[in-house]
Amino acid sequence: MKRRAFLRSSFCAAGLSIANPARPSGNVRVPAAAGDATPARPAFSRVDSNPALGGGGFKLGLVTYNLAKDWDIPTLIKNCSQTGLEAVELRTTHKHGVEPSLSKQQRLEVKQRFADTGVQLLSLGSTCEYHSPDVSVVKKNIEETKKFIELAHDIGALGVKVRPNGIPREVPEEKTLEQIGKSLQECGKTGLNYGVEVWLEVHGQDSNLPRRIRRIMQAADHNQVGSCWNSNRDDVEHGSVQENFEMLGHWLRSARINELWIKEYPWRELFGLMQKAGYSRYCLAEIAESSDPVRLLHYYRALWLELGR
């Protein structure tokens with residue numbers, strides 16, 4: 001009990017927060033070479049009172065993929081409120097129906113539904129990706145991202161999640177990583193105009209390796225662009241995620257967690273690294289659907305707290 005109390009008090013006492021990046025003062029400069037060291041501290045170290053960022057000390061939220069994919073907005077708000085989950089990311093194509101096709105009035109209605117509920121409409125989970133060798137496909141995905149950014153602005157969301165989804169074998173790896181980074185940079189410029197961030201998920205076969213994500217982030221080089229930790233098993237090396245986490249901690253803007261019962265993933269270490277890095281946003285649960293989802297979420301939150309959060 002002494003150790004558990006110490007862990008909890010450590011999280012609560014942490015005074016370091018990521019500052020509000022909605023009004024950045026300029027691009028964060030990082031080394032261009034993939035092997036160069038990145039700063040140990042986050043790019044944003046000012047104390048931030050923005051409620052969208054968790055209010056100091058990261059909190060638990062939910063990604064609608066996959067548990068909540070069939071929930072409409074009232075159900076989503078009700079279930080999250082009932083189980084103590086404080087933020088949501090709305091993944092595209094799900095029953096909530098929050099898509100770029102919504103009218104201005106419909107967007108306002110979505111924003112108002114979440115207002116004063118205690119559930120933060122945090123982000124939109126798009127499937128936009130920029131790794132294709134086909135330039136027209138990349139351009140189409142960039143334009144789609146811009147539509148999600150405008151939607152996020154209209155409904156009061158902080159970020160738009162995008163992803164890499166592989167490394168084409170017919171193209172030199174460095175060219176693909178640079179291409180993804182420059183695509184993110186263009187999206188980040190649009191995000192700056194709307195006060196919306198773009199979060200690159202650590203995702204995809206071969207593209208989910210932190211060293212590759214780091215190279216992409218270095219190429220992107222924009223304050224509105226950050227990384228989304230995805231709690232992949234490939235993060236773990238010799239029982240630890242520290243080395244891989246430190247590659248990306250500088251850009252950390254969002255985090256997904258999954259099955260907390262998996263012993264092979266060092267959850268306590270991950271949460272400790274987040275706290276040490278000054279992470280003050282949300283951990284978003286991305287878990288499989290259940291026939292009794294509310295009961296499952298109660299258990300999930302209890303385990304999340306027990307693991308040291």
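Points to keep in mind about this one:
- Any hit, segment 181-192, residues being of a type in the set (Ser, Thr, Tyr), touching a helix residue (DSSP H, G or I) at 6+ places or on another chain (Cβ under 6 Å) and either surrounded by 14 or more Cβ atoms within 10 Å (Cβ to Cβ) or modelled with pLDDT of 95 or more (or both): yes
- Of the strands (runs of 3 or more DSSP E) lying entirely inside segment 197-268, those containing at least 2 residues that are of a type in the set (Gly, Ala, Ser) are 225-229, 252-257.
- Residues of segment 61-75 satisfying the condition of being touching a strand residue (DSSP E or B) at 6+ places or on another chain (Cβ under 6 Å) and outside any loop (DSSP other than H, G, I, E, B): Gly61, Leu62, Val63
- Within segment 231-250, the residues that satisfy the criterion of being closer than 15 Å to His203 by Cβ and open to solvent by 20 Å² or more (accessible area, probe 1.4 Å) are Asn232, Arg233, Asp234.
- Checked against (1) modelled with pLDDT of 95 or more; (2) surrounded by fewer than 18 Cβ atoms within 10 Å (Cβ to Cβ), Glu197 passes all but condition (2).
- Pairing residues of segment 264-286 that are over 20 Å from Asp234 (Cβ atoms) and open to solvent by 10 Å² or more (accessible area, probe 1.4 Å) with residues that are polar (S, T, N, Q) and not in a loop (DSSP other than H, G, I, E, B), at Cβ distances under 7 Å and at least 6 apart in sequence or on separate chains, gives Gln275/Ser10.
- Residue match in segment 162-179 (condition: in a strand (DSSP E or B) and either among the charged types (D, E, K, R) or open to solvent by less than 40 Å² (accessible area, probe 1.4 Å) (or both)): yes
- Lone unmet requirement of (1) open to solvent by 10 Å² or more (accessible area, probe 1.4 Å); (2) more than 19 Å from Leu122 (Cβ to Cβ) for Met217: (1)
- Any hit, segment 289-296, residues being within 23 Å of Lys78 (Cβ to Cβ), basic (Lys, Arg), open to solvent by less than 10 Å² (accessible area, probe 1.4 Å) and at pLDDT 95 or above: no
- Qualifying residue in segment 94-102 (condition: modelled with pLDDT of 95 or more, among the basic types (Lys, Arg) and closer than 28 Å to Glu144 by Cβ): yes
- Among (1) over 24 Å from Met274 (Cβ atoms); (2) modelled with pLDDT under 95, the one test that Gly118 misses: (1)
- Long-range neighbours under 7 Å by Cβ, at least six apart or interchain, first residue on the phi < 0 side of the Ramachandran plot within segment 80-103, second among the polar types (S, T, N, Q) and open to solvent by 20 Å² or more (accessible area, probe 1.4 Å): Ser81/Thr117; Glu86/Gln120; Ala87/Gln120; Thr92/Thr127
The values are calculated or read from the model by the stated rules, or taken from the named source; none is laboratory data. Since the structure is predicted, the reported quantities are computational estimates derived from the model, not experimental observations. Note that we place each Cβ from the backbone using ideal geometry, even for glycine, and neighbour counts take in every protein chain shown. Ligands, DNA and RNA are excluded from the accessible area calculation, which covers all protein heavy atoms including side chains. Shrake-Rupley method; radii C 1.70, N 1.55, O 1.52, S 1.80 Å.
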